[in-house]
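Step one of this worksheet: look at the structure below.
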């Protein structure tokens, strides 16, 4: 049962989309192996899903669980900010025993 | 003030704004297929403007619309505009209106972690436009979007993409922007730099302890428009702009005459007033203005004309009672449907609101005659400049519609004198009748003169008049009175005993 659920909204096959998918996958594999579920949504294919999630910018990462929801905008190359935003840095991550 | 020119056939295609009066000012509407920034301070009416533009598109032009809301959630917009009778929920069900909810979500301030673009917003707008077949789009407001993205360089670049998309979709777009002050820089964040072509400013200025709303078209690319500020009002039906009507009306002038309700007075005016003329009756309190107004109205009803009275000094019931005393049955005339008396307190609204209310009532009732008693009562609620514009607009409106009109003005002093109303109205009225108290031989009497009549000969005499249960009766001319137009008119020192007898009102003409 994955404890982390993510939705990553990207715009087609743009370089920025690939960058974000790669960065997020690497990060999850490193910190949350086997404990995450990731859906990648192309907003140009599914604008109605972007509408439902109120997504304006691409890429946008939504952490749906654990709650509260977290919204991270950008290509996720600023890893430290992503980790902080997801609560995977410092004390929280140590509690999970995932971050050395 | 107004650079009115012949319709510009080379100018871009227009999209009717749905805002009464605005298409006159812009000579046809908003530039179709383009974007217009509507900027104003908080509470200046930007969201109403934007919603009205979309609603009118759906209701009057079969043009569906998309509302991109960045500040107020859709539910709030639905509720707010329902008071104007715009049933957004129904239009949404009918597939004519669609929201794109770009408000900030409750999941906290987003973390920015790297490069981004607004492709998701673009995709959502494009999808919404395609789903309803939109011809009109609103983005309300740009500032709320700015705050979500900290207004960085990326955001500015992306906003250009959004505008480019709207342009390529061929939709007419209204973008609202916040201003900090009614006068000064055009918008808080300089958004007009994004949409350099078309800019409308809304103002809500406190002046003489009253709010005055106005609209200014700052620029319309490749299109003529009227310059200057135009008053507007937010009515139960939405925004209504008051254009400065052109008083140089090229419509043929009427040569047909209408009775003022007094045979002697008609005779003084060469056989009555012209049908499409505006008459100003000036006098102190108690000098007979309301009686003259009642006679004018009764003459209209007697001729089978529809008459509308705007009473700003006395209530309707008081009008009925006064008229009864002069032998006019206004209650019956109202019951017969030929007369309507609209009574209002000047202080309840701004001049713009009054003008919109007056023109709406005229359009609803369709009168051949209109009387306003008194116009000068409205002077109390405005600055002199605002009143002048109001008076000119009203007069031009009445003439344009060919309505025989009578406006009254109360002078501030009992003996002679002139009010600001007269100064403002003298150039736009066709006939001015002065009612004055005249001191003759140590006694106060009532005198009347026709000061000016456009396009016709008139009698220059000063006539005495009396009032009884049958109305007004003109007496003999004063032959030695001077200074009627000054403060404290008085008989000439050389007045003979004969001369002082002349103004006895009930005497037959010599």
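Key figures for this structure:
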| item | result |
| --- | --- |
| Approximate spin-label separation residue B:331-residue B:439, in nm, with each point projected 7 Å along Cα-to-Cβ | 4.3 |
| Length-normalised contact order for the range B:232-363 - Cα pairs under 8 Å, 6+ apart - percent | 24 |
| Relative contact order of the range A:4-86, defined on C-alpha pairs under 8 angstrom at six or more residues apart (%) | 41 |
| For peptides B:264-272, B:73-81, sequence by mean Cβ density within 10 Å, most packed first | B:264-272, B:73-81 |
| At R0 = 35 Å, FRET efficiency that the Cβ-Cβ distance of residue A:13 and residue B:150 yields, to 0.05 | 0.80 |
| Cβ neighbours within 10 Å from other chains - mean over A:41-53 | 5 |
| Shielding by partners - mean other protein chain Cβ count within 10 Å, residues of A:63-74 | 4 |
| Contour excess over end-to-end distance, with Cα ends at residue B:400 and residue B:348 and 0.36 nm allotted per residue | 16.0 nm |
| Three-way shape call for chain A based on the alpha-carbon gyration tensor, with the a/c threshold at 1.5 | prolate |
| Neighbour-count ranking [beta-carbon atoms within 10 angstrom, fewest first] of A:19, A:88, B:398 | A:19, A:88, B:398 |
| Residues B:97, B:326 arranged by fewest to most Cβ contacts within 10 Å | B:326, B:97 |
| Distance in nm between pseudo-label sites at residue A:46 and residue B:365 (7 Å out along the Cβ direction from Cα) | 6.3 |
| Inter-chain shielding of B:98-105 (mean C-beta neighbours from other protein chains, 10 Å cut-off) | 3 |
| For A:28, B:307, order by how many other beta-carbon atoms lie within 10 Å, fewest first | A:28, B:307 |
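FYI, it's all coordinate maths here, none of it is from the lab. All of these numbers come straight from a predicted model, not from anything done at the bench. FYI the Cβ positions are ideal-geometry reconstructions off the backbone, even for glycines, and counts take in every protein chain you see.
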